[in-house]
1. Given the conditions (1) open to solvent by 40 Å² or more (accessible area, probe 1.4 Å); (2) within 12 Å of chain A (Cβ to nearest Cβ), report the number of the one that B:E395 does not fulfil.
2. Assuming B:A446 fulfils every condition listed in (1) crowded, with 24+ Cβ neighbours inside 10 Å; (2) of a type outside the set (V, I, T); (3) modelled with pLDDT under 95 apart from one, which condition is it?
3. Taking interchain pairs and intrachain pairs at least six residues apart, which have beta carbon atoms under 7 angstrom, with the first residue in the stretch A:202-219 and farther than 17 Å from A:K251 by Cβ and the second among the β-branched types (V, I, T)?
4. Look at B:Y370 and say whether it is more than 16 Å from the chain's Cα centre (by Cα) and of a type in the set (F, W, Y).
5. Quick one: would you say A:T337 is closer than 30 Å to A:A267 by Cβ, touching a residue at least 60 places away in the same chain (Cβ under 8 Å), among the hydroxyl-bearing types (S, T, Y) and open to solvent by 10 Å² or more (accessible area, probe 1.4 Å)?
6. Is it the case that the stretch A:179-188 has a residue that's surrounded by fewer than 24 Cβ atoms within 10 Å (Cβ to Cβ), small (G, A, S) and more than 14 Å from chain B (Cβ to nearest Cβ)?
7. Which number in (1) farther than 26 Å from B:S166 by Cα; (2) more than 8 Å from chain A (Cβ to nearest Cβ); (3) part of a loop (DSSP other than H, G, I, E, B) marks the one condition that B:T428 misses?
Amino acid sequence: MNRRRMMVSITAVALLFSMIVLAGMAREKEAKPNAAPVEPSALLIRNATILTVTHGTLERGDILIKDGKIAAVGSALKAPADVQVVDASGQFVMPGIIDCHSHIAIDGDVNEGSVAVSSMVNIADVLNPDDPAIYRDLAGGVTAANVLHGSANPIGGQTIVIKLRWGQPASKLPFEGALPGIKFALGENPKHSNFRGLGLPERYPATRMGVEETIRGAFTEARDYKKNWDDYNKRLAAGEKNLIPPRRDLKLDPLVEVLEGKRYVHAHCYREDEILMLLRVAKEFGFRVQTLQHVLEGYKVADEIAAAGTGASTFSDWWAYKVEAYDAIPYNAALMTRRGVVVSVNSDDAAEATHLNQEAAKSMRYGGLTHDEALKMVTINPAIQLGIEKRVGSIEVGKDADLVIYNHDPMSAYAVVQKTLIDGRVYFDREKDLAGRAALEQERKDLLEKAKKNAEKKAEEKKAEEKKSGEKKPEEKKPEEKAKPPQGQVVLGGAR
Amino acid sequence: MNRRHETMCAYLLLAGCLLAVGTAFGQTAPATDTAITHAKIFTLAGLPIEDGTVVIHDGRIAAVGANVSIPAGAKVIDAKGLQVYPGLFDPITQMGLREIGAVIATVDTTETGTFNPDLVAATAILPSSAHIPVTRAAGITEVLAVPSSGGMDTSLGANIIGGQASAIHLAGWTATEMLIRKNAAMVVDWPAIETQSFDFATFSRKEKPFTDAKKEYDKAVDQLANYIEESRHYAQVAETKGAVYDRDVKLEAMIPVVRGELPVLIFADKARDIRNAVEFCEKQKLKMILAGGGEAWKVKDLLRSKNVPVILRPTLDYPLEEDDAYDRLMTQPAELLAAGVKIAFGSFDNSSARRLGQQAANAVSHGLAYDDGLKAVTLYPAQILGLDGELGTVETGKTANLIVTNGDPLELTTEVRYLFIKGQLTSTDNKHKDLYEKYLNRPPVAK
């Protein structure tokens, strides 16, 4: 993210005036929430080129959706009574895009950066269903996202997989049944390499050695803690009385879940050495790293990653923004794929997420992946990495009807999303979006007008009051509007 | 050798290694004329030519057409099934000025101080930067290297006048060899009203009352106005025969600006800032080019009427405001062009330069005519910078900066098969390809 963009997003909420408007809109939202689409009993997508991902491409195919699930895929399917039909002639349907590294729908900052191990905090506690990025990423075909804590700590906060159910309350965002995760981070970010001298308080670790030691230390503690609990539970089960349970430790609980395979580790990393370091530590403590995130030098140690059964979730072509990204190459995804690693292409950035299909397509040029291999990197592969591949990631009977309809082949830069469905409901519809713009613009104007009038009225009242009291009061301090966080990452944020 | 020396040497060695990887420069000597034959030629100066020939002589395009004779002894490149385009032109980069964003030692984009008009990008361009061949491989043959134009390099403070941008070819053993135009534009970072900042000490955002931020903004604009006035007076004195005055290198650099000869490249995104900048330039009689233009669509009529061209920020960015349409930056290129505003696309970041075609394609999918999409990364940036006499189309007499591709250069999967800069066949090998080939051949690790 460049400086200008950062400044732009910071100044986006600059005008006091626009703040009033925003506040007004927030109130409006409470009264009239974004209506989530209702679930049709049955929906039939007709005559599309269907990119199933796991079973090839079906020309002029139909998809029947019932109760939010894919009920049938084939040619000239029989339409049940009362079915809602979507004519997709000349269009392409693919599974909804799964973004394996996202920071959208988070209320406030993504980093609890004050401690080196922040496993006690949980992104699930701060989901924000009103983040416009949800809608914008839906418009880019994303239906599910791995919402991660930032990369400020070797062991960061707990993470959650969501579906982008725009208009639903926070409680409806989590992907049901998806295993929760925890963010790890290696390299320059957790050791604060690029943030020294900016007033950030000094914090251990400051080296890659310290990063390793922090992780090792935390898991050593977690192992002992687990043993204490196991012993306690065993004695309890054996019927011992008057036992005192071990003291609860919210920091260690999620690490025990990692040791028990109940929580996935998603590890931000760049350099080959630190990748191998983490794989060694994980092996030593008997857990598996579920995904390596960014993993820009993964291509150098792809065999080792594959052997560990670890997935890799990377960027398409970002590079050179820091030293550990200087050997980043756009061939990374293809090279790792060729060595047997399950690879996904992620965004780490709300705007980048709107064109992940295009980012995946780049591996066809850089490294010669096939059309289907490229497509997998934003569908079934991230689904596998998040353990949700039985539910989503391909177009198969019985799977969730999370689908995207494009006007062209989604592996082209010219493809535009027409509709995005989650659980068989149309959460994004380009036609409707276009048709609704005039009304939105009017609403915006009305709100501005209203805010202006209110401001004028207040000013007049104040004047009148001043006149009344006869003496000029010291200027009242305006209550500070709570600023909305700038869109996208600010600094560090999900810092790449 | 003492320890310090050893460390120093190690660093130098390391730096040498880092740079050496990216030095695959590989222009072959232009021994003879070159003819590209049997290609579909998108001249961008008329309809495409099927089965056409381009003849290159002495670095320039000597002939283009369907019935062109090939000079005796010319090196012939059979481009059957391939397509010829003018090389792409990225008008906002930090090429050669920024190697690794986070490493200040490799960043030479932003000087201290508020007014630095006498600084010129070409002075500090590193010809062996790894970014140059990487960018070239994406079909980009020339760029504008723009000081004070992006990245996180704000630690040195905010510039208002950041220096002069230089237009360069993406090939040459020295910066001088690379030069197209050393003094191409004066870079102005239009002051912004900033009510928020990020405080690293507390890791939180800090608020500033709008009135205070506005005061600071007004002060900065006043400062700029005063500087222009001062420059104008200086120019007048300098023009006066026999006038005795103290020379000032900074003000001297401003003379072509106040004369309206050197355009000012003004970075601004918000409609309010753009409007203010346009009015400012009109009042001060400056020739303005807008860079960024996130909300240019809101002031399109003003831009048209004042004849201000826009180098647009990446179409794939998020729109500026939360309530903007989600595709606002993708639809505005078509909207601006329809309103009569001249546009070009820029990457704004050399790490992302290879996304230039993709940026254009995403505007084409949102209403921009394909022909305009192509021109907005070739001819239009050349026109905006006054370089279209030399670059931007495949026409006789122009500098032979050409690409030969296997398809649409805006599409993600298209490959550049041949690339010519100043008529010389230039390698598209680069650091990324080298690393790819190296690790492609890593022996399998025994399981």
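1. (2)
2. Looking at each condition in turn, B:A446 falls short on (1).
3. A:E212/A:V281
4. Criteria met by B:Y370.
5. Against the criterion (closer than 30 Å to A:A267 by Cβ, touching a residue at least 60 places away in the same chain (Cβ under 8 Å), among the hydroxyl-bearing types (S, T, Y) and open to solvent by 10 Å² or more (accessible area, probe 1.4 Å)), A:T337 does not qualify.
6. Checking the stretch A:179-188: not a single residue is surrounded by fewer than 24 Cβ atoms within 10 Å (Cβ to Cβ), small (G, A, S) and more than 14 Å from chain B (Cβ to nearest Cβ).
7. Every listed condition holds for B:T428 apart from (1).
Residue-by-condition table, conditions (1) within 9 Å of chain B (Cβ to nearest Cβ); (2) surrounded by fewer than 24 Cβ atoms within 10 Å (Cβ to Cβ):
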| site | (1), (2) |
| --- | --- |
| A:E260 | no, yes |
| A:G286 | no, yes |
| A:Y299 | yes, no |
| A:A307 | yes, yes |
| A:Y321 | yes, no |
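The values are calculated or read from the model by the stated rules, or taken from the named source; none is laboratory data. Keep in mind it's a predicted model, so treat the numbers as computed, not measured. Cβ coordinates were reconstructed from backbone atoms using ideal geometry, including for glycine residues, and neighbour counts include every protein chain displayed. These accessible areas exclude ligands, DNA and RNA; they are computed on the full protein's heavy atoms, side chains included. Shrake-Rupley method; radii C 1.70, N 1.55, O 1.52, S 1.80 Å.
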